[in-house]
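Report on one structure; see the data block that follows.
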Amino acid sequence: AYVANAAYGLQVVDISDPLSPVLAAGIDSPNFAYDVVVDGGFAYVADGNSGVQVYDIINPLDPRLAGSVDTPGTAYALCIRGDYLFVGDRLSGMQVVDVSQPSMPALVGECGVPYDARGIAVSGDHAFLADAGSGLLVIDITDPLNPVYKGGYGTAGGDDVAISADRAFLSAGFNGVWAV
């Protein structure tokens, strides 16, 4: 299992015995590791003010930095689809990163949001953002290079979002979970 562990960066946990997980390896990141997604032999880490760090995890016991890209805000949440990494970037909205060459990730698109993107999920041609100030935001990513804000569902804020079947589930802190 790969864990984004705040001040400790990316950690690799051996879960071959689920009742006794063991820390197997790790690599510190420049800032605070908030989220991680794994695709192929790479782990992508949302690393706060340092943007996105890309780690080669072909050998999970020896993760190595493969590349990085800075984002305008604070990289906080990640979701990957194909060659694109969608970043919930606090204070700057959603950033789109081309990861077709993981060692050379590049910012290729963005969509601003009203407040503070904290969670992100992708389903089909849409990205769903949990926004701390406004709730659930829906962004059309049919063209990842030119994402377009389509609307949202207002709540008193959003901390994270997950998609299941045809519903978005928004965690809204003290306001509970909303199914949209």
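Points to keep in mind about this one:
- Rolling a 1.4 angstrom probe over the protein heavy atoms with all chains in place gives the chain an accessible area of 47 Å² per residue.
- Overall form of the chain per C-alpha gyration tensor (a/c, 1.5; a/b vs b/c): prolate
- Charge tally in the Cβ shell below 11 Å around residue 146, where Lys, Arg are +1 and Asp, Glu are -1, residue 146 excluded: -3
- Candidates 1, 94, 153 compared by Cα position along the dipole of the chain: farthest toward the positive end lies 153, with charges placed on Cβ.
- Note that segment 38-47 has calculated 3J(HN,Hα) couplings of 10, 9, x, x, 10, 10, 9, 10, 6, 10 Hz, one per residue in order, obtained from phi through the Karplus relation 6.51 cos²θ - 1.76 cosθ + 1.60 (θ = phi - 60°); glycine and proline are x.
- With a cut-off of 11 Å between beta carbons, the residues surrounding residue 119 carry a summed charge of -3, where Lys and Arg count +1 and Asp and Glu -1.
- Just the protein heavy atoms count here, and of the accessible area of the chain at 1.4 Å, carbon and sulfur take up 52 percent.
- Relative contact order (%) - the chain, alpha-carbon pairs under 8 angstrom, separation at least six: 11
- Take residue 62: with every protein chain present and a 1.4 Å probe, its accessible area is about 60 Å².
- Simple spin-label estimate for residue 140 and residue 15 gives 3.7 nm between the two label positions (7 Å along the Cα-to-Cβ direction from each Cα).
- Each of residue 150 and residue 62 was given a label point 7 Å from its Cα along the Cα-to-Cβ line. The distance between the two points is 4.6 nm.
- The Rg/Rh ratio of segment 62-129, with both radii computed over alpha carbons and Rh defined as the Kirkwood radius, is 0.97.
The values are calculated or read from the model by the stated rules, or taken from the named source; none is laboratory data. No experiment lies behind these values; they were computed from the predicted model shown. Ideal geometry is used to build each Cβ from the backbone, glycine not excepted, and the neighbour counts take in all protein chains shown. Accessible surface areas use protein heavy atoms only, side chains included; no ligands, DNA or RNA. Shrake-Rupley method; radii C 1.70, N 1.55, O 1.52, S 1.80 Å.
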